[in-house]
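S.K.: Following this message is one structure expressed as structure tokens.
The values are calculated or read from the model by the stated rules, or taken from the named source; none is laboratory data. Values in this document were obtained by computation on a predicted structure and should not be read as measured data. Neighbour counts are summed over all protein chains in view; Cβ atoms, including those assigned to glycine, are modelled from backbone coordinates with ideal geometry. Just the protein is used for accessible areas: all its heavy atoms, side chains included, with ligands, DNA and RNA removed. Shrake-Rupley method; radii C 1.70, N 1.55, O 1.52, S 1.80 Å.
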Amino acid sequence: MTAPARPDRLADDPADDPADDVVLLDDEGRPTGSAPRLEVHTTDTPLHLAFSVHLLDPDGRTLLTRRALGKQAWPGVWTNSCCGHPRPGEPVADAVRRRTREELGLALTGVDVVLPDFRYRAVDASGVVEHEVCPVHVARVERDPVLDPHPGEVAEHAWVPWADVHGAVTRTPAVFSPWLVLQARALGPDLTAHATTARTTAHTDTRSRA
């Protein structure tokens with residue numbers, strides 16, 4: 001569910017915070033250190049910890065967001081509600097809530113993990129690589145919550161029935177982010193069923209500790 005009060009927003013790009021380090025991982029997903037987020041994403045990006053979250057309303061709709069045109073990788077591509085990186089020592093669930101506030105101006109309360117072991121590597125047309133262990137979460141929200149998307153992160157957004165998202169991703173995967181394509185395939189056409197049986201994020205929290 002969403003909290004009624006809207007949180008303060010960062011005035012500038014939320015990813016420009018000097019404390020915005022990512023947690024580096026070995027091949028087994030164990031923390032090995034940290035590195036600045038803006039420096040780690042290159043043509044040879046090391047494996048690191050991230051997360052994805054799908055917002056789900058009472059009608060079974062999820063929030064799709066279109067990545068801002070100024071993004072380093074996959075600019076202008078439609079993707080899931082929000083993505084980000086836990087900082088060293090930050091519980092994953094806390095990172096989900098922090099990033100959703102920064103990107104969408106929305107305060108979440110309940111966050112559940114539905115794909116705790118999701119992992120992928122993808123290469124953008126520019127050559128930039130994403131290489132992440134990326135637990136996938138679902139957060140229940142009220143119908144038509146008030147959003148305040150950060151223009152440096154989100155160009156457009158739309159509430160779409162999850163079954164339609166799954167169908168569109170299946171038919172035309174090239175127009176969506178590669179991580180959304182893989183997540184939709186893994187989750188199937190009924191996201192509500194996953195949200196109902198989701199495990200809590202508590203067991204993933206230690207992964208953010210470098």
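S.K.: When the residues of region 122-147 are narrowed to those that are under 15 Å from the mean Cα position of the chain (by Cα) and among the charged types (D, E, K, R), which ends up farthest from ALA73 (Cα to Cα)?
M.R.: Residue satisfying both the conditions and the ranking: ARG140.
S.K.: While we're here: Among the numbered criteria (1) modelled with pLDDT of 95 or more; (2) crowded, with 17+ Cβ neighbours inside 10 Å; (3) not aromatic (Phe, Trp, Tyr), which single criterion is violated by VAL111?
M.R.: Result: VAL111 fails condition (1) only.
S.K.: In region 68-81, how many residues are under 15 Å from VAL181 (Cα atoms) and either touching a Lys or Arg at 6+ places or on another chain (Cβ under 7 Å) or open to solvent by 10 Å² or more (accessible area, probe 1.4 Å) (or both)?
M.R.: First, pick out the residues of region 68-81 that are under 15 Å from VAL181 (Cα atoms): 74, 77-81.
After this cut, where a residue has to be either touching a Lys or Arg at 6+ places or on another chain (Cβ under 7 Å) or open to solvent by 10 Å² or more (accessible area, probe 1.4 Å) (or both) as well, the list is 74, 77-79.
Residues in region 68-81 being under 15 Å from VAL181 (Cα atoms) and either touching a Lys or Arg at 6+ places or on another chain (Cβ under 7 Å) or open to solvent by 10 Å² or more (accessible area, probe 1.4 Å) (or both): 4 in total.
S.K.: Does at least one position in region 157-175 carry a residue that is of a type in the set (Val, Ile, Thr), outside any loop (DSSP other than H, G, I, E, B), closer than 18 Å to PHE51 by Cβ and modelled with pLDDT of 95 or more?
M.R.: Looking for residues that are of a type in the set (Val, Ile, Thr), outside any loop (DSSP other than H, G, I, E, B), closer than 18 Å to PHE51 by Cβ and modelled with pLDDT of 95 or more, one finds none in region 157-175, hence no.
S.K.: Turning to a different aspect of this structure: Which condition does VAL96 not pass, out of (1) buried (at least 17 other Cβ atoms within 10 Å of the Cβ); (2) not acidic (Asp, Glu); (3) not in a helix (DSSP H, G or I), if it passes all the others?
M.R.: (3)
S.K.: Output the number of the condition that ARG199 fails; it satisfies all remaining conditions of (1) surrounded by fewer than 18 Cβ atoms within 10 Å (Cβ to Cβ); (2) modelled with pLDDT of 95 or more.
M.R.: Result: ARG199 passes all but (2).
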